Amino acid sequence: MANGIIIIDKPAGWTSMDVCAKLRGMFHEKRVGHAGTLDPMATGVLPVFVGRATRAVEFAADSDKEYIAGLKLGVVTNTQDTTGEVLETRPIAGIRHQDVCNVLEKFRGDILQVPPMYSAIKINGKKLYELARKGREVEREPRPVTIHALELEEMESPEDFLLRVVCSKGTYVRTLCHDIGQALGCGGCMSSLRRVKAAGFALSDCVSLETVQAAVDRGEGESLLLPVDAYFAGLPMLVLKTAGAEKKIRNGAPLTARDVPDGEYRVYGIDKTFLALGRVTGSKLTTVKSFFEV
């Protein structure tokens, strides 16, 4: 039975769920989930959780993410990226490298974003993109997001720029590109998107779907799976010393943890099997999330 985390370099043209479906078939495991949706045109870091590791998705999905995004000025589309229908084109004469740098300052920190119509957000039970495909537009409430870093990496042509974006969960980078274009007065949209970090993983941790398929064909697919506790590697390790203590944790009961500082821990059984994410408060250990197979 396959259990663990695999970091896929998502190819263009695939949805995040397409990747999960492919891996579900490869590993013959129904429990497969991802941390952080990427649009079909986007590529890059897609952490995928397999088997009981899916219990960690809720922690990974809330993490900050880093992207390299293409910004095309002078073009406004209905999807806010170059896959959509062009609504208008505007001249960009006179806009310089420094003008773009100056505008970026307005979008750093805590900002409000109006979600795009072409998104999976639901309003009154309907996904926005379903309404958009019918030609309908509805009012959307601005949502708070945080842009931790926003830098101009490269000016590829008078209208094409590469941006580095580090942002919170829920940020739409194509909306950011659209809004930057509006602020410059010439309009803009996203021309490319590559996620380079997510859930603490980077491009260097990624493997391609072709690599996974080749490993599966050799009977070595599971060797590519990281153990689920790898996601919590930044937390201290707490190893239980008795079978009685392990039984309590497996039953979801609190456990006395004298002389253990308050905080979150990776909790292991007496045989060093990863059991749970735990929290110690006032010398009492409680389970935040269990990861052992029932």
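The values are calculated or read from the model by the stated rules, or taken from the named source; none is laboratory data. Quick caveat: nothing in here was measured; it's all calculated off a predicted structure. Positions of Cβ are backbone-derived with ideal geometry, glycine not excepted, and every protein chain shown enters the neighbour counts. Side chains included, ligands, DNA and RNA excluded: accessible areas come from the protein's heavy atoms. Shrake-Rupley method; radii C 1.70, N 1.55, O 1.52, S 1.80 Å.
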Between CYS20, CYS101, CYS167, where does the largest GNM mean-square fluctuation fall for the chain, given springs only between Cα atoms within less than 10 Å? CYS101
Which part of region 177-196 falls in the paramagnetic zone of GLN98, meaning amide N under 18 Å from the point 7 Å along Cα-to-beta-carbon? 184
So which trypsin sites (Lys or Arg not before Pro) in region 213-259 pass both tests, a DSSP loop state and at most 14 other Cβ atoms within 10 Å of the Cβ? ARG218, LYS241, ARG258
Counting other Cβ atoms within 10 Å of each Cβ, which trypsin sites (Lys or Arg not before Pro) in region 1-103 have at most 12 and sit in a DSSP loop? LYS30, ARG96
Taking Cα pairs closer than 8 Å and at least 6 residues apart, the relative contact order of region 139-193 in percent is 25
By how many nm would the segment from ASP262 to VAL288 grow when fully extended, if each residue of separation counts as 0.36 nm and the alpha-carbon distance is taken off? 8.0 nm
Asserting the computed 222 nm helical MRE of the chain (DSSP H runs at least 4 long, -39500 (n - 2.57) per run, divided by residue count, to nearest 500) equals -5500 deg cm²/dmol
Which of the lysines could a cross-linker span from LYS65 if the Cα-Cα distance has to be under 19 Å and same-chain partners fewer than 8 positions apart are dropped? LYS10, LYS169, LYS197
Full-extension gain between ALA230 and ASN251, please, as 0.36 nm times their residue separation minus the C-alpha to C-alpha distance. 5.2 nm
Give the separation of the Cα centroids, region 160-187 to region 90-114, in Å. 8
A 1.4 Å probe over the protein heavy atoms gives the chain a carbon and sulfur accessible-area percentage of 50
Mean separation of Cα contacts under 8 Å (at least 6 apart) over the residue count of the chain, i.e. the relative contact order in percent, is 21
Fluctuation leader among ALA243, ALA149, ALA56 - the chain, Gaussian network, Cα springs under 10 angstrom: ALA243
Residues of type aspartates and glutamates that LYS30 reaches as a straight line, Cα spacing below 14 Å, ignoring anything fewer than 8 places off in the same chain: ASP18
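Within region 27-108, report the chymotrypsin sites (Phe, Trp or Tyr not before Pro) that DSSP leaves as loop and that have at most 14 other Cβ atoms within 10 Å.
Answer in residue order: no site qualifies.
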For the chain, what does the accessible surface come to per residue with a 1.4 Å probe? Please give it in Å². 49
In order through region 229-240: 3J(HN,Hα) via Karplus (6.51 cos²θ - 1.76 cosθ + 1.60), integer Hz, x for Gly, Pro: 5, 4, 5, 9, 4, x, 9, x, 9, 10, 9, 6
Between THR281, THR171, THR15, find the one with the highest GNM mean-square fluctuation for the chain; connect C-alpha pairs within less than 10 Å. THR281
